[in-house]
1. Just checking: which of the helices (runs of 4 or more DSSP H) contained wholly in the stretch 31-118 hold 1 or more residues that are in contact (Cβ under 8 Å) with a residue 60 or more places away in the chain and surrounded by fewer than 18 Cβ atoms within 10 Å (Cβ to Cβ)?
2. Are any of the residues in the stretch 148-158 farther than 20 Å from Ala205 by Cβ and in contact (Cβ under 8 Å) with a residue 60 or more places away in the chain?
3. Out of the residues in the stretch 87-109 that are touching a Gly at 6+ places or on another chain (Cβ under 7 Å) and aliphatic (A, V, I, L, M), which is farthest from Ala147 (Cα to Cα)?
4. Any chance the stretch 130-140 includes a residue that's closer than 23 Å to Arg94 by Cβ and surrounded by fewer than 24 Cβ atoms within 10 Å (Cβ to Cβ)?
5. So which of Ala339, Ala296 ends up being small (Gly, Ala, Ser), surrounded by 24 or more Cβ atoms within 10 Å (Cβ to Cβ), assigned to a loop (DSSP other than H, G, I, E, B) and touching a residue at least 60 places away in the same chain (Cβ under 8 Å)?
Amino acid sequence: MRTPAAVLCGLGTSLPEHSVSNSRLIAQNHLDSDDRWILERTGIAARRLADSRTSTGDLARAAGRAALESAAELAGAPLRPDIVLLATTTPDHRCPATAPEVAHGLGLDGVPALDVSAACAGFVYATACAQALITAGLYERPLVIGAETYSTTLIDPHDRDTAILFGDGAGAVLIRTGTPDEPGALIAQDLGSDGGHAGLIQVPAGGSRRPLGTPDTGPHEHCFRMNGRAVYAHAVRRMTDSALNVLKSTGWSPDDVEAFISHQANQRIIDAVGERLGVPPARRHGNLRELGNTAAASIPLALADTATRQLVEPGARTLITGFGGGLAWGAHTLRFPEARPRSRPPHASLPHTDTDTEKAIR
């Protein structure tokens, strides 16, 4: 019996309305920096920042609904997910998980839903889980979402090292059972971690190791901290190695790669990985300049942006790789999907407000 393949068949996004340029961010947060320094050092010119009424769950729900609309358009009929995987480091609550509420907002009550926490590698991990569930024959249509609101939950707005990097948003893919030669087919995966370097990317307080309110907890210990230089070295090495591993498993050489989509962390990291792999700049795709680092949402947002701009033909040999805190990293090979991305603003998908779409996915 032939093992089923996992096929990306729907692409959806949701972004906060407000785009904040480097100059505006510097002025409003009183940062010791300038637009040129940020652009040259990171490749970021602007980012979308959530307002106080927009949660990770709002963005996730809107992106998930958009992915279902995209999939329905391609299939000519609605496709109902049978499991929801939400990759995020910024859930709506520490307890419970955000995924079940997102599923409820999509009219998917009764469908299993869970959060996946692997920081910026979260989407790669969640997609690997979805692929495994399909190939094992356990589920047929996983909905995978990456969503983050770092700016309102984890970032110290006055910390120049992190405030300039991160933006908010969500990207989603619907995955269905299919065949390995289809556009959108996931081919191979490679995952890894190294908890010995967990301190390089960390929110020091707020967990059981250092609960908030303990005497040694400072005013900014609940904010994101990162050792930039060490993270750069690990990110380049780990993403490069993981990409080479998955290429070997697939039977491709770097020359075979027609599209390379990396976690949108920093342009210097993206370029260093691309150069080590031997993938030319014209085959590297992303939207870091406009959106900044959106953590677990960055790969699906970049994937959707590439498809929207029609920069890659459906079925093209595609390489994806990501890296995040943990440390955690991973890579996938796939054939570029043919779905046309759809986008929704975060508050267009509040529960029970879009009855036509809700009925369509039931």
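Taken together, the values in this text are just the output of simple stated rules run on the coordinates, not laboratory data. All figures in this text were calculated on a predicted structure; none of them were measured in a lab. Cβ coordinates were reconstructed from backbone atoms using ideal geometry, including for glycine residues, and neighbour counts include every protein chain displayed.
1. Working: elements: 35-42, 56-75, 99-105.
Filter on the stretch 31-118 gives 35-42, 56-75.
2. No, because not a single residue in the stretch 148-158 is farther than 20 Å from Ala205 by Cβ and in contact (Cβ under 8 Å) with a residue 60 or more places away in the chain.
3. Within the stretch 87-109, the match that is farthest from Ala147 (Cα to Cα) is Leu106.
4. In the first step, residues of the stretch 130-140 are kept if they are closer than 23 Å to Arg94 by Cβ; the result is none.
Looking through the stretch 130-140, none of the residues is closer than 23 Å to Arg94 by Cβ and surrounded by fewer than 24 Cβ atoms within 10 Å (Cβ to Cβ).
5. Numbers: Ala296 fails: assigned to a loop (DSSP other than H, G, I, E, B).
Criteria check complete, one pass: Ala339.
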